[in-house]
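The values are calculated or read from the model by the stated rules, or taken from the named source; none is laboratory data. Given the structure is predicted, the values throughout are model-derived calculations rather than measurements. Positions of Cβ are generated from backbone atoms using ideal geometry, with glycine treated the same way; all protein chains shown enter the neighbour counts.
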Amino acid sequence: MTKRHLHPTAEAGADPLDEPNPEVEPETPPDEATDVEDEVMDELAKARAAQASAAAWYQSRIATLQADLANREEKLHEYIGAYKAAVAEMDAVRDRLERDKEKVIDRDRKDLVGKLLDLLDNFDRSLGSIKPGSSVEDIVHGLTMVRTQFSGVLGGFGVERMETVGSDFDANQHEAAALVPAQAAHRDQEVIFEERAGYLYKGELLRAARVIVASRPD
């Protein structure tokens, strides 16, 4: 007869359910669970602190940018205001210069008109001096005096008469009224007669002289 061997615990009358199951993990000791929880809480606290720090940095950065933007807008308004003020000042200067120029022109006109009135007075006196039986020489003398005075007035304003007869034709100052065959005493393109006098104003052409020019055939 074969002898059956029993497990020691069975032999001792122990319950087989009380035997350890190798597939079931043992429960974590209370101390180790506390340590894990503490580590999780620490990591969570660090994450929250990092998040709060990042949020504070972004808020600070936004505030800095907003302040910088406000400062730039203020400077922009200052620049715009300065530009508008400069434009207004330039307009005021331009208007003042225009008024000053008009005053100068008016003053010169008054001066010219005053001198022309003096000429008119002399002309009237010359006419008044002509009596029945006056000689032609007296009349010519009076008119010559008025003309001389008038020429002096024009000269005082920078107006001078050009000398054209005997000079070479210059298209910049002369206007050819006609071309005539040159005589032996005349050069080709020589001005031989002046139909209308030409004048310069302060060295610049005021009115071209109308002249007759001698021409020699080629």
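For a quick check of your reading of the model, give me the residue pairs whose first member lies in the range 21-47 and is exposed (fewer than 10 other Cβ atoms within 10 Å of the Cβ), whose second is at pLDDT 80 or above and assigned to a helix (DSSP H, G or I), with beta-carbon atoms closer than 6 Å and at least 6 apart or on different chains.
If the second residue must be at pLDDT 80 or above and assigned to a helix (DSSP H, G or I), no pairs are left.
Using the structure shown, decide if L69 is under 21 Å from L154 (Cα atoms) and either exposed (fewer than 10 other Cβ atoms within 10 Å of the Cβ) or not β-branched (V, I, T) (or both).
Values: under 21 Å from L154 (Cα atoms): no; either exposed (fewer than 10 other Cβ atoms within 10 Å of the Cβ) or not β-branched (V, I, T) (or both): yes.
Spelling it out, it is not the case that L69 is under 21 Å from L154 (Cα atoms) and either exposed (fewer than 10 other Cβ atoms within 10 Å of the Cβ) or not β-branched (V, I, T) (or both).
Considering only residues that are touching a residue at least 24 places away in the same chain (Cβ under 8 Å) and within 30 Å of F150 (Cα to Cα), which ones fall in the range 181-202?
Residues satisfying the conditions are E190, V191, I192, F193, E194, A197, G198, Y199, L200, Y201, K202.
Determine whether A177 is within 25 Å of V113 (Cβ to Cβ), surrounded by 12 or more Cβ atoms within 10 Å (Cβ to Cβ) and of a type in the set (A, V, I, L, M, F, W, C).
Numbers: within 25 Å of V113 (Cβ to Cβ): no; surrounded by 12 or more Cβ atoms within 10 Å (Cβ to Cβ): yes; of a type in the set (A, V, I, L, M, F, W, C): yes.
Judged against the criteria, A177 is not a match.
Which of the residues that make up the range 130-144 are of a type in the set (A, V, I, L, M) and in contact with a helix residue (DSSP H, G or I) (Cβ under 7 Å, 6 or more places away or on another chain)? Give the steps one after another, and end with the answer.
Residues of the range 130-144 that are of a type in the set (A, V, I, L, M), as a first pass: 130, 136, 139-140, 143.
Within the range 130-144, I130, L143 qualify.
Specify the residue that is surrounded by the fewest Cβ atoms within 10 Å (Cβ to Cβ); the eligible residues are those in the range 109-145 that are assigned to a loop (DSSP other than H, G, I, E, B) and of a type in the set (S, T, N, Q).
The residue in question is S135.
Looking at the range 174-205, which of its residues are under 50 Å from the mean Cα position of the chain (by Cα) and more than 28 Å from V153 (Cα to Cα)?
Residues satisfying the conditions are A176, A177.
Any residue in the range 92-108 that is under 30 Å from I192 (Cβ atoms), without any contact (Cβ under 8 Å) to a residue 12 or more places away in the chain and in a helix (DSSP H, G or I)? Spell out how you get there, then give the answer.
Taking the range 92-108 and keeping what is under 30 Å from I192 (Cβ atoms), we get none.
No, there is no match, as no residue in the range 92-108 is under 30 Å from I192 (Cβ atoms), without any contact (Cβ under 8 Å) to a residue 12 or more places away in the chain and in a helix (DSSP H, G or I).
If you go through the range 192-201 one residue at a time, do you hit one that is β-branched (V, I, T) and touching a Ser or Thr at 6+ places or on another chain (Cβ under 7 Å)?
Within the range 192-201, none of the residues are β-branched (V, I, T) and touching a Ser or Thr at 6+ places or on another chain (Cβ under 7 Å).
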